[in-house]
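Heads up, the thing below is written out as structure tokens.
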Amino acid sequence: MTEEPQQHWDRVYSNKAPSEVSWFQSEPRPSLAALVRFDVPHTTPFVDIGGGASNLVDALLANGWSDVSVVDIAAPALEAAQARLGEAAAGVHWEIADITRWNPAHRYGGMA
């Protein structure tokens, strides 16, 4: 029997610290550079799909973004990010969801 995606990612983030995964970036420079390059206003509703325990949410909040959501299938990944942010986590919308089945209730920048 194969492991379901949510079980897989829950196990990954339960067994590894966010900095131990191969895709970890201490600073999300490429993502921030893309937002600057495309001149995306900080008031644009932003969603980090598969954001998990990424540091992107930290950087967005530090740079004045006011409407940030993070969606990931792994609850432990989101919990790690929330713990890292402390009180600032209350200003972010967190959603545990499989992006292949996710139906956002909120409109984000660039969505038609």
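What follows draws every value from the coordinates through simple rules; no lab data is involved. From a predicted model like this one, the values you see are computed outputs, not experimental measurements. Glycine gets a Cβ as well: all are built from the backbone with ideal geometry, and neighbour counts include every protein chain shown.
Calculated mean residue ellipticity at 222 nm for the chain: -10000 deg cm²/dmol, from DSSP H runs with n ≥ 4 weighted as -39500 (n - 2.57), summed, divided by the residue count and rounded to 500.
So which trypsin sites (Lys or Arg not before Pro) in the range 41-112 end up in coil per DSSP with only 14 or fewer other C-beta atoms within 10 Å? Answer in residue order: R101, R107. Summarising the amide proton neighbourhood of W102: residues at separation of 5 or more, or on other chains, whose placed amide H is nearer than 5 Å comprise an empty set.
Between T44 and any residue 5 or more places off or on another chain, the built amide H atoms are never under 5 Å apart. Normalised by the number of residues in the chain, the average gap of Cα pairs under 8 Å and 6 or more apart makes the relative contact order 27 percent. The protection proxy used here, the mean number of other Cβ atoms lying within 10 Å of each residue, ranks peptides 36-44, 63-71 as follows, highest first: 63-71, 36-44. For H93, the amide hydrogen comes within under 5 Å of the amide hydrogens of V68, S69, V70, counting only partners 5 or more places away or on other chains and with H modelled in the peptide plane.
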